Amino acid sequence: MEGGGLRAEEEFLGYEEGEDDEEEKALSEEEEEKQVRRRAGAAGLVPPPPSSAISPLLGCLPQVPAACPLTEEMLKEGLSLLCKIGNGLAHAYVKFEAKYKDLTDISLLERFIHLRYVDLSENKLQDLSPLSSLTHLLWLKVDGNLLTSAHMQELPYLQIISFAHNRIENMEGITHPHLASLSLKGNKIQTALGLNQALYSLRILELRGNKLESTAGLYLPKLKNLYLAQNAIRRLEGLEALEQLSSLHLRDNELETLDGFSSSMKCLQYLNLRNNGISSLQEVAKLQVLPMLQALVLMDNPCSDETNYQQEVLVQLPHLKRLDKEPKRQEEEKEIEVSLQGDVTE
């Protein structure tokens with residue numbers, strides 16, 4: 001069961017194998033939202049916005065969505081993938097999808113206890129408690145709803161969740177013991193300190209486009225891929241716990257120094273620091289504690305405008321195989337070797 005869920009992981013979250021393709025494929029949150037809405041509107045799935053402007057007074061009031069419960073007809077439309085259950089003598093639908101339905105109530109799902117894959121994206125849900133009876137659930141996607149919390153009753157087999165583009169403000173209440181991939185992209189999270197430290201199976205954590213100012217609280221010793229782009233991170237804290245991390249995305253943050261990296265991060269191979277505030281190339285020397293670092297993206301920082309920027313970086317990090325997505329060329333290697341020999345002579 002676990003293997004099947006993890007094989008769907010990349011498709012579910014939209015990742016590809018090439019780590020350094022992230023900056024091309026990752027649209028800004030606003031543009032991504034516009035494109036999704038535009039496609040849905042063209043397909044007749046969502047109504048176009050009203051032509052008249054909302055009055056300033058009404059715009060300040062909290063909007064309560066009109067009640068729209070899940071119906072039997074919607075259930076029939078959304079159920080699929082008939083599979084054997086139990087001892088193999090009975091069958092049940094294990095997949096359900098209901099997107100762009102303006103749903104506010106999914107109570108009818110409580111009785112479909114054999115569901116394994118559920119997609120309720122782009123609705124108006126504020127409560128996921130009816131899903132607590134779905135103890136066979138492996139895969140859950142609830143992007144683009146009105147959720148203010150990721151808290152759910154613990155589900156024993158749940159491996160993949162996406163809460164992208166909701167209104168979630170913290171990371172408390174996520175306790176699923178087999179959770180391997182978690183997306184909280186495009187929410188309002190300011191700190192990771194509430195994250196449950198017992199998520200021993202978590203391998204991928206997506207927190208792009210939130211309001212994080214620090215990395216404190218990410219005590220996830222089995223984590224392999226961490227996406228923190230488009231936050232407001234100024235401080236790197238607690239990274240020493242990420243002993244199995246292989247890729248770290250910190251693009252579009254507010255880092256001015258590179259303090260916080262640790263020699264315990266012995267598996268880190270890819271580091272994206274594009275478009276931060278790193279002004280001194282002396283900061284690069286702090287990455288020497290990362291023994292396996294092979295690819296570094298440092299472009300669009302003030303230091304990348306310095307003369308001989310690439311050569312200076314490669315002198316300090318001679319084991320890099322790729323800088324700013326450019327493979328290290330043979331002539332650069334010769335220049336670095338000469339520079340290193342000169343340092344030894346001096």
| Any residue in segment 245-253 that is modelled with pLDDT of 95 or more, farther than 22 Å from residue 294 by Cβ and part of a strand (DSSP E or B)? | no
| field | Qualifying strands (runs of 3 or more DSSP E) (wholly inside segment 62-156; at least 1 residues being open to solvent by 40 Å² or more (accessible area, probe 1.4 Å) and small (Gly, Ala, Ser)) | value | 79-85, 90-97
| Does any residue in segment 264-287 that is in a loop (DSSP other than H, G, I, E, B) come within less than 6 Å, Cβ to Cβ, of a residue that is among the β-branched types (Val, Ile, Thr) six or more places away or on a different chain, and which pairs are these? | 274/297
| Candidate set: segment 206-221, residues that are closer than 13 Å to residue 193 by Cβ and small (Gly, Ala, Ser); chosen: the one surrounded by the most Cβ atoms within 10 Å (Cβ to Cβ) | 214
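If I ask for residues that are hydroxyl-bearing (Ser, Thr, Tyr) and under 19 Å from residue 148 (Cα atoms), which ones from segment 169-222 would you list?
175, 183, 191
The values are calculated or read from the model by the stated rules, or taken from the named source; none is laboratory data. Since this is a predicted model, take the numbers as computed values, not measurements. Don't worry about glycine lacking a Cβ; one is built from the backbone with ideal geometry, like all the others, and counts go over all protein chains shown. Only protein heavy atoms, including side chains, enter the accessible area calculation; ligands, DNA and RNA are left aside. Shrake-Rupley method; radii C 1.70, N 1.55, O 1.52, S 1.80 Å.
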